[in-house]
Amino acid sequence: MDAVCTNSVFEEAWWLETVAPGQWKEVCIEKDNKIVCRWAFCHHSGRIFMPALTQTCSPWFLTEGEKQTYKYREYVNQMIDGILEKVSRYKSISIMLDPETPYFLPFLWQGFDVKPYVSYQIRGLNDLDHVFHNFSKNIRRDLRAAEKKLHITFEYSADILYPMIEKTFSEQRRKSPIAKDMVERILQNAREHHGGKMISAVDDEGNIHASAFFLYDQRRCYYLAGGKDTDYKNSNGLTLVIWEGIKFASTVSEVFDFEGSMIRGIENYFRRFGGEPVVHYQIKRQSLYRDFADMLKPHIKKRIGYKM
């Protein structure tokens, strides 16, 4: 599918096949032999779900002219009604809307629950000096300290990246939600489709302090996954890696996206990079059993010390 019919890289065929092999499909609405609405989604056992490491999986609409108009909203309303009719056999649906298409009311009217999620985005990547000066004083100080002790490498290797992810989740008393083989697929397929960059911070002895993977298209570059070695948690390696990721993003994309987190400590860290908060919405309709299970999750997480 041509990327022109997608809101982001998360809706491209190669990405969906990477994170949900054999478990995705698309439905479209055409008018005058032209696709005017496309929804690519993942499905399993009669439900539509969000795959791992995927920020959004949202219907795409062909738009012309200004979005903030009555005609646009009426058009989107009709498209959403039409696209939901095509997936009426799925009784459980959970997706994230793209922040560029935030009109969620048609889903609400169809009985979906709506929940906001926040990410931070940095725009104006053509002026990196301005971006740097928007960082908090602590971030700028930590970067200067890290640059004196660490250097940057660009090696693609799940053997480097995955341990960093595991250690970061372990520090949060959480199990990594992704397996190493998925990380390997992401690295391989993103490289083949010119959609990813891996960046690591290393000291002079070859110790890896932090590593991250950035997924991108021409619109947005995402801090997709990464982490730091807790043995070097005071070296500010991850801060240096993110800054290098932002600089890389300025060469390939219009916007840098931190991919969001509702965990208080992580949100606070991302916020210090000076980005703008951007809201995208979770759209969910499911059984009472799943609703009850979702209600219990926060209480269970709190009891086991999961960071909220």
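Relative contact order, percent, of the range 193-294 when contacts are C-alpha pairs under 8 Å separated by at least 6 residues?
22
Heavy atoms of the protein only, probe of 1.4 Å, neighbouring chains included. What is the accessible area of VAL279 in Å², nearest 10?
Its heavy atoms expose roughly 60 Å² to the probe.
Each residue of the range 5-14 in order: what ³J(HN,Hα) in whole Hz does its phi give by Karplus 6.51 cos²θ - 1.76 cosθ + 1.60, θ = phi - 60°, with x for Gly and Pro?
My calculation for the range 5-14 gives 9, 10, 7, 7, 4, 5, 9, 6, 4, 5 Hz in order.
Once you put a point 7 Å from the Cα of GLN172 and another 7 Å from the Cα of GLN23, both along the Cβ direction, what distance in nm separates them?
Taking the simple label geometry, GLN172 and GLN23 are separated by 2.0 nm.
How high is the relative contact order of the chain, in percent, counting Cα pairs under 8 Å that sit 6 or more residues apart?
It rounds to 23 percent for the chain.
May I have the convex hull volume per residue, in Å³, for the Cα set of the chain?
Dividing the Cα hull volume of the chain by its residue count gives 142 Å³.
Sort HIS43, HIS193, HIS133 from largest to smallest accessible area, using a 1.4 Å probe on the heavy atoms of the protein chains.
Result, largest first: HIS133, HIS193, HIS43.
Quick one: angle between helix 137-149 and the longest Cα principal axis of the chain, in degrees between 0 and 90, rounded to 10, please.
The answer is roughly 60 degrees.
Taking the Cα centre of each part, how many Å lie between the range 39-79 and the range 110-137?
With the range 39-79 and the range 110-137 each reduced to a Cα centre, they are spaced 21 Å.
Ordering TYR222, TYR103 by accessible area with a probe of 1.4 Å, largest first, what comes out?
So, going from the largest accessible area down, we get TYR103, TYR222.
Direction-averaged shadow area of the convex hull around the Cα atoms of the range 35-116, nm²?
5.8
Quick one: compute the contact order of the range 6-126, relative version, from alpha carbon pairs under 8 angstrom and 6+ residues apart, as a percent.
Averaging sequence separation for qualifying contacts and normalising by length gives 24 percent for the range 6-126.
With a 1.4 Å probe and all protein chains kept in place, how do LYS91, LYS148, LYS86 rank by accessible area, largest first?
LYS148, LYS91, LYS86
Taking 26 Å as the cut-off for C-alpha to C-alpha distance, list the pairs among LYS34/LYS284; LYS149/LYS175; LYS91/LYS197; LYS25/LYS175; LYS180/LYS233; LYS34/LYS71 that go past it.
Result: LYS34/LYS284; LYS149/LYS175; LYS91/LYS197; LYS25/LYS175 exceed 26 Å.
Full-extension gain between LYS31 and ALA52, please, as 0.36 nm times their residue separation minus the C-alpha to C-alpha distance.
4.3 nm
In a shell of Cβ-Cβ distance under 14 Å around ARG271, excluding ARG271 itself, what net charge do Lys and Arg (+1) and Asp and Glu (-1) give?
-1
Mean residue ellipticity at 222 nm from the helices of the chain, using -39,500 (n - 2.57) per DSSP H segment of n ≥ 4 over the full residue count, to the nearest 500 deg cm²/dmol?
-11500 deg cm²/dmol
Roughly what angle does helix 237-252 make with the longest principal axis of the chain, taking Cα atoms, 0 to 90 degrees, to the nearest 10?
50
Could I have the simple spin-label model distance between ASP203 and THR251, label points 7 Å from Cα toward Cβ, reported in nm to one decimal?
Using points 7 Å along Cα→Cβ, the separation is 2.8 nm.
What does the convex hull of the Cα atoms come to per residue for the range 108-177, in Å³?
236
Give, in nm to one decimal, the length gained when the segment between ARG144 and ALA13 is fully stretched (0.36 nm per residue of separation minus the Cα-Cα distance).
Between ARG144 and ALA13, full extension yields 43.1 nm more.
The values are calculated or read from the model by the stated rules, or taken from the named source; none is laboratory data. The model shown is predicted, which means the values in this text are computed figures rather than measured ones. Here the Cβ is made from the backbone with ideal geometry for all residues, glycine too, and neighbour counts use every protein chain on show. Protein only, heavy atoms only, side chains kept; ligands, DNA and RNA dropped before computing areas. Shrake-Rupley method; radii C 1.70, N 1.55, O 1.52, S 1.80 Å.
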